[in-house]
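Since the structure comes first, as structure tokens, the remarks are kept for the end.
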Amino acid sequence: MEFDTLIIGGGLAGLQAAIQLGRSLHHVAVADNGVGRSTIAKNYRNILGYPDGVSGQQLRSLGEQQARQFGVSFFSGTVNSLTQNEDGRFRAELTGLDQEPVEFLAKTILLSSGIKDPFPTIKGMDPCLGESIFICPDCDGYEIVNQHALVIGSGNHAVQMAKTLRYFTKTITIVNHDGAKVGEPEQVYLVQEAIPIHHEPIVQIEQEEGRLKRVELASGIGIAVEKGFLAFPGAKLQTSLLAGFDLQRLDTGHILANPRTKETTYRNIWAAGDVVAHSQQVTISLGDGSQAAIWIHKRLLEMAKGNG
């Protein structure tokens, strides 16, 4: 199947790009495996136009419906390989979730596959994610103002999160869920700030319609709490498909993209969303997607004239 652009990752950056490219009359495919941060976020409350919040799934659903109106094709599954033919077109293979494997040929690529978070498996946690348990203080620090906040994390990462959250609330408890070592400077800080820390795992979270009520530790201790933040190391950028291409990355592993166009240092491959270094905000991902699509459109016009 041949397309002008293959978008790998149907999160919010990818969907915004698909809408923009569809409205530019291009033949576009979106390949998505149905996972990612936006699939689990129950309520974004910091997006213009949604004062009462909106879920990631709702945004994705609305975005797909809108993109389909402009002729964008959607494929469910995982893109397992990405190469480039001698004629410059890219070849990708998708293993479908609900269909046979699909092979794509595309003139341009947009990678918007995001980040995979190392969330622990805790009974009762899933309904709370994005509703009363968060990962980003920049996005959701406001949600804990003057409330009792629980940091569920790993060693020094959990302490660092507590430091950040002290701006929003003075009542914080840490659960060092995986028992990782806490450094001496961090221990001194916790004593100075009177922040309690429990070095044992949570076995169960009690919640009501996603609203955090109480957590139970392995020892049987129960902690009544209103909101929580996760703080674990090991979030992985989903960029392995570009391993075979000679393009530049930052020390963090993020793809280096032109700040004006979002094109990578490999011609005709663009990157948008969390695979590019930024604040990991929905609104920025949307802007990335739109910006990348505008410049993909310009390149496709050049190609049509034989200058691509």
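A compact table of results
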read-out: Helix 12-23 axis, angle to the chain major axis (alpha carbon atoms, nearest 10°); value: 30 degrees
read-out: Cα coordinate range in the chain, projected on the principal axes (Å, largest first); value: 67, 37, 35
read-out: Degrees between helix 56-68 axis and first principal axis of the chain (Cα, 0 to 90, nearest 10); value: 10 degrees
read-out: Ranking of Glu143, Glu100, Glu193 by count of other Cβ atoms within 10 Å, fewest first; value: Glu100, Glu193, Glu143
read-out: Check: the chain dipole with +1 on Lys, Arg Cβ and -1 on Asp, Glu Cβ, in debye; value: 660 debye
read-out: Mean Cβ count within 10 Å, highest first, over the residues of peptides 241-252, 10-21, 36-47, 147-158; value: 10-21, 147-158, 36-47, 241-252
read-out: Rg ratio (alpha-carbon, reference 2.2 N^0.38 Å) - region 126-231; value: 0.97
read-out: Ordering of 78-86, 130-138 by burial proxy (mean other Cβ atoms within 10 Å per residue, highest first); value: 130-138, 78-86
read-out: Label-reachable residues, region 12-51, where backbone N falls under 17 Å from a point 7 Å from Thr283's Cα toward its Cβ; value: 12-13, 43-51
read-out: Electrostatic dipole magnitude of region 126-231 [Cβ: Lys, Arg +1; Asp, Glu -1; Cα centre; debye, to 20]; value: 300 debye
read-out: Rh by Kirkwood over Cα pairs, then Stokes-Einstein D for region 59-147 at 1.306 mPa s and 10 °C, µm²/s; value: 93 µm²/s
read-out: Hull-based mean projected area of region 1-153, where the convex hull spans the alpha carbons, in square nanometres; value: 11.1 nm²
read-out: Pairwise Lys count, the chain - Cα closer than 15 Å, eight or more residues apart or different chains; value: 8
read-out: Distance from region 16-50 to region 237-308 (C-alpha centre basis), Å; value: 16 Å
read-out: HN-Hα J in Hz across region 141-156 - Karplus 6.51, -1.76, 1.60, θ = phi - 60°, x for Gly and Pro; value: x, 4, 5, 10, 3, 6, 10, 7, 10, 10, 9, 9, x, 10, x, 5
read-out: Estimated translational D of region 221-282 in µm²/s (Stokes, Kirkwood radius over Cα pairs; 10 °C; 1.306 mPa s); value: 114 µm²/s
read-out: Exposure proxy order (Cβ contacts within 10 Å, fewest to most) of Val225, Val203, Val182; value: Val203, Val182, Val225
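Every number here is computed from the coordinates shown, using simple stated rules; none is lab data. From a predicted model like this one, the values you see are computed outputs, not experimental measurements. Note that each Cβ is placed from the backbone with ideal geometry, even for glycine, and that neighbours are counted across all protein chains shown.
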